[in-house]
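Working notes for the structure below.
Rule-based calculations on the coordinates, nothing more; no lab input. Source: prediction; values computed, not measured. Counting neighbours? That spans all protein chains shown, and the Cβs are built from the backbone with ideal geometry, glycine included.
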Number of protein chains: 2
Amino acid sequence: MSKTAVSFAFNSPERLSAETAVRIREVADTLGYRPNPVARMLTQRQTMTLGVLTPQALAVIFSNPFFALFSEGVAHAAEDLGYELHFISPLHGSLALAMGRATVDGVVAIGLSADHPEVGQIRGAGLPMVLVDSDDLPEHSSVMVDDEAGARAAAEHVLGLGHRDVLIIAVEGPESPTGQPQRQGVTERRLRGYQAALDAAGISLRSDHIVAGRASIEGGASAFQRAWAAGTRPTAVLAMSDAMAIGAMRVAREQGLRIPDDMSVVGFDDIDLAAHVDPPLTTVHQPIRQKGADAVRLLLAEVEQREAYRPEHLRLETRLIVRGSTGPAPRERQEVTGAT
Amino acid sequence: MSKTAVSFAFNSPERLSAETAVRIREVADTLGYRPNPVARMLTQRQTMTLGVLTPQALAVIFSNPFFALFSEGVAHAAEDLGYELHFISPLHGSLALAMGRATVDGVVAIGLSADHPEVGQIRGAGLPMVLVDSDDLPEHSSVMVDDEAGARAAAEHVLGLGHRDVLIIAVEGPESPTGQPQRQGVTERRLRGYQAALDAAGISLRSDHIVAGRASIEGGASAFQRAWAAGTRPTAVLAMSDAMAIGAMRVAREQGLRIPDDMSVVGFDDIDLAAHVDPPLTTVHQPIRQKGADAVRLLLAEVEQREAYRPEHLRLETRLIVRGSTGPAPRERQEVTGAT
DNA sequence: GTGAAAGCGCTAACAG
DNA sequence: CTGTTAGCGCTTTCAC
């Protein structure tokens with residue numbers, strides 16, 4: 001009984017007499033032996049593991065509904081295809097360091113702009129990668145969503161309801177860490193969408209009617225709070241994430257506003273919670289789970305057929321979901337606002 | 001410039017002239033070279049990765065608030081200590097298979113009873129492991145919560161409010177997969193707690209006043225629905241998870257019941273959502289995040305000081321949080337119930 | 001059907 | 001300070 005025999009017993013039992021194979025496995029069981037998976041990875045030159053690269057600490061992933069939904073899609077696809085998943089988040093503050101440790105066959109990067117140093121590093125190393133919610137890099141597959149159209153639809157909706165005084169709650173830029181994997185690119189695209197609708201309606205957006213915060217309930221609450229304290233009295237709020245919209249609603253309510261009677265609110269993402277808050281949130285739906293699943297599918301295309309591989313660039317649809325948080329612009333409030 | 005030099009440049013730059021080290025790293029960068037982490041793991045005989053063994057598909061982890069909270073704790077501790085995290089969930093339906101692939105230095109097993117075959121496999125292989133919400137195995141550290149005391153407190157609370165007709169919504173046994181990582185052991189312990197309080201009050205629990213379902217909102221809804229359809233009209237519901245309690249509340253409301261006026265509901269876990277439903281859920285708080293963090297801490301004690309290691313068995317406290325979903329037993333309803 | 005030997009890419013004694 | 005060498009534990013041709 002040699003090493004070869006043992007190896008065969010585990011990997012290609014058919015090349016051994018059935019009897020020997022069984023015997024070997026029994027002995028292995030008794031001894032508590034298991035083939036060392038690291039050594040195995042080394043000789044096979046593949047890890048059967050996919051990496052999910054995120055600029056966030058792992059702990060926030062689990063508390064961020066957007067990320068949780070995305071991971072659900074990724075996990076589902078990876079498991080189906082027999083791959084393990086490895087979440088790569090900053091190690092001792094450094095994503096590059098974590099990336100150096102990561103034993104993966106390819107990487108899904110979410111919320112990292114294409115000029116992020118780690119993205120360059122991975123490209124240089126020739127590791128397969130797909131970019132999600134980033135920019136289009138010709139050599140890499142990517143998945144994004146039509147943020148601009150979604151934002152425009154949201155703005156057109158409130159405009160159609162007669163609102164003329166709109167507050168935009170944006171996600172903070174990359175300077176300060178955001179609570180959600182959406183960065184410059186996404187924020188910019190959504191802003192462009194809002195702006196386009198306002199322009200078309202001949203409404204100019206005052207710069208103090210754009211506030212920013214982290215993409216969380218708290219972030220939305222404090223951003224709205226800040227605007228309110230500064231005397232801003234919009235009849236409608238366009239938030240770049242549902243979490244922020246929910247935070248804004250909470251503060252608004254604390255200020256005595258009724259939603260949607262006194263003020264309308266629109267979110268973005270359509271996380272599960274959106275339908276269950278009171279009032280149910282009008283929002284822009286994006287297929288978050290599917291983004292994750294598609295990203296994995298694209299990544300595996302690259303990982304498994306290195307040769308004839310052609311990058312694909314997916315752009316998924318968004319759509320406005322009208323629920324209870326939006327309504328006609330209030331007459332009196334409009335006047336009050338006019339006086340502000 | 002030899003392999004050694006390169007290795008040093010990455011691992012112990014101080015053993016090289018500063019100049020050479022820099023030069024090597026530059027060349028490496030240009031070439032897109034990075035030390036192969038798998039080979040590195042092999043020679044170092046450690047992976048710097050911890051495994052989280054779960055009987056659930058990864059995709060459900062992200063949609064299960066209990067699990068998300070637990071993972072948050074695990075992730076936080078692991079990141080602090082410089083370890084990567086690897087979630088080990090059934091591969092092609094087999095946990096053993098996934099375990100075979102897993103390149104980890106140790107494992108946190110959650111919701112797996114001690115007699116689970118994979119637990120035996122890991123023990124046999126001599127891999128460090130800590131058990132969470134399982135049974136106590138003398139050779140392995142473990143973390144659990146005082147489920148029995150928590151359940152008893154919940155039951156005593158409703159009893160103290162005058163309730164005499166109580167419905168228990170339990171988590172399904174291991175036969176059918178549960179939506180939450182709590183199995184036989186946990187279910188049994190909680191049941192024991194409820195029972196003890198009822199016994200002490202001289203109330204006998206009819207067997208049709210225990211229903212079970214998956215530990216999710218839907219599971220709770222359908223379990224309550226089933227009981228209701230069978231004519232059960234309790235004045236109080238004790239659910240073994242907040243998600244189930246919330247599901248039961250939804251169905252109760254659909255049946256025209258007002259909570260807590262017509263019926264009281266108590267949950268278990270105290271997930272974030274519990275405080276934000278309407279009415280806010282009275283529940284048994286357990287330190288879920290901390291369970292995760294403690295498990296990692298214990299695991300690392302074993303991983304890093306193999307020798308003088310002594311297993312520890314932690315039992316964390318639970319405590320009743322009274323919120324708006326419980327109130328005095330309704331007089332009339334009690335009579336109605338009596339007639340059922 | 002089974003054993004011998006080479007090598008996956010790296011680290012770490014050990015010389016030089 | 002730098003190069004040589006021997007493994008880490010496995011897989012995999014290639015003979016037997």
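Here are some notes:
- Alpha-carbon centroid distance for the pair region A:21-65 / region B:42-96, whole angstrom: 11 Å
- Net charge of the neighbourhood of B:GLU72, taken over other residues with C-beta under 12 Å away and scored Lys/Arg +1, Asp/Glu -1, is 0.
- Counting from the shortest, the label point at B:VAL27, 7 Å from Cα toward Cβ, is 4.6 nm from the same position in each remaining copy.
- Viscosity 0.890 mPa s, 25 °C: Kirkwood-radius Stokes-Einstein D of the protein assembly as shown over Cα pairs, µm²/s: 89 µm²/s
- Model label sites at B:HIS92 and A:LEU81, defined 7 Å from Cα along the beta-carbon direction, differ in position by 1.7 nm.
- Label separation (A:ALA275 vs B:SER204): 4.5 nm, computed from points 7 Å beyond Cα along the C-beta direction.
- Proximal aspartates and glutamates relative to A:LYS3, as straight alpha-carbon distance under 18 Å, when same-chain residues fewer than 8 apart are discounted: A:GLU14, A:GLU19, A:GLU26, A:ASP29
- FRET efficiency, 1/(1 + (r/R0)^6) with R0 51 Å, evaluated for B:ASP135 and A:ARG258 via beta carbons: 0.45
- Charge context of A:ALA114, other residues only, Cβ under 9 angstrom, K/R +1, D/E -1: -3
- Dividing the alpha-carbon radius of gyration of chain A by the rule-of-thumb value 2.2 N^0.38 Å gives 1.24.
- Proximal charge balance of A:VAL266 [Cβ under 10 Å; K/R count +1, D/E count -1]: 0
- For region B:149-299, the average shadow cast by the Cα convex hull is 9.0 nm², which is a quarter of the hull's surface.
- Of the residues B:HIS285, B:GLN255, B:VAL266, the one whose Cα sits farthest toward the positive end of the charge dipole of region B:184-340, with +1 on the Cβ of Lys and Arg and -1 on the Cβ of Asp and Glu, is B:GLN255.
- Residue-averaged [θ]222 nm for the protein assembly as shown, counting only DSSP H segments that reach four residues, each worth -39500 (n - 2.57): -13500 deg cm²/dmol
- About the centre of its Cα atoms, the protein assembly as shown shows a dipole size close to 380 debye [charges on the beta carbon of Lys, Arg (+1) and Asp, Glu (-1) only; nearest 20 debye].
- Inter-probe distance in nm under a simple model that places probes 7 Å from Cα toward Cβ, at A:GLU218 and B:THR4: 5.2 nm
- Near-label residues of region A:127-145 by backbone N, under 13 Å of a point 7 Å along Cα→Cβ of A:GLU312: A:141-144
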